[in-house]
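Here the structure is laid out as structure tokens; the discussion comes afterwards.
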Amino acid sequence: MRSVVCVLLLAACGVATAGDLSKVDRTILKEPKYTGKPKYCLLVFGAEAKHRVWLVQDGDTLYVDRNGNGDLTEVGEKVAATKSLPGVAEGAFQFDVGELHVGGKTHKGLEVSVFPLKLVADNPNVLALPQVGAAIKKRPDALTGQLAIDVECASLKGGGVGGRVSYMLTIFDTNGVLEFGAKPADAPVIHLDGPLEITFYASKPTWRAGGTQDTI
């Protein structure tokens, strides 16, 4: 069986790509008492994006709505950072979340890394991308991150745990930079097990009239 690995593209608030994610319900029924300024990110699952899992980062703690019921205060939903990311400044953390149980499916191996956007400012290849350079210049302390998870999909089989499809989310795509929101209304929406589309990874190529070939 051929393995399927999806490199996931982010959908920022108000941006609809493979479905109208701007209409996703952003209600959180119950939140814990945070020690700092929380940063929000929303995972949605399924073709209609009906099943929601909130991720809320509060310093070295990540609150995860594992069962998608909107209550972030339940037992097992407070995840401590396993470690600070090596070789980087304060404010960068890695969280080994594990399983999510939503919509009658079990998704495995969720890993979330969060760090200030300015930490990629010394990478000339990344900085040269217009959407990244502009974001760093405007909001250098914005929180970004990366995510990996094996998703139990409705119609796809992959090389992840138990035939699940392995998704990997990077910090940017052609639409912009992934930034955790200061409030639920500003949270980026990440669509898993949704409609698939073919697009470009970092930037769109320039088509030149009269050329005999182009490499993508």
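What the table below lists for this structure:
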| quantity | calculated |
| --- | --- |
| Looking only at region 101-121, and only at residues there that are of a type in the set (Val, Ile, Thr) and within 12 Å of residue 142 (Cα to Cα), the one that is modelled with the highest pLDDT | 114 |
| Residues (of a type outside the set (D, E, K, R) and in contact with a helix residue (DSSP H, G or I) (Cβ under 6 Å, 6 or more places away or on another chain)) located in region 137-181 | 140, 142, 144, 172, 176, 177 |
| All positions within region 98-140 that are among the small types (Gly, Ala, Ser), farther than 27 Å from residue 66 by Cβ and surrounded by 15 or more Cβ atoms within 10 Å (Cβ to Cβ) | 121, 135 |
| Pairs with Cβ under 7 Å, 6+ apart, first in region 33-57 and under 20 Å from residue 76 (Cβ atoms), second assigned to a loop (DSSP other than H, G, I, E, B) and among the basic types (Lys, Arg) | 40/183; 42/26 |
| Residue tally, condition β-branched (Val, Ile, Thr), closer than 21 Å to residue 195 by Cβ and modelled with pLDDT of 90 or more, over region 144-172 | 3 |
| Search result, residues across region 141-172 that are touching a Lys or Arg at 6+ places or on another chain (Cβ under 7 Å) and either loosely packed, with under 14 Cβ neighbours inside 10 Å or closer than 19 Å to residue 91 by Cβ (or both) | 141, 143 |
| Search result, residues across region 41-50 that are surrounded by fewer than 22 Cβ atoms within 10 Å (Cβ to Cβ) and touching a Leu at 6+ places or on another chain (Cβ under 9 Å) | 46 |
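The values are calculated or read from the model by the stated rules, or taken from the named source; none is laboratory data. What you see is a predicted model, and the numbers here were worked out from it, not measured in a lab. Glycine also receives a Cβ, built like all others from the backbone with ideal geometry; neighbour counts cover every protein chain displayed.
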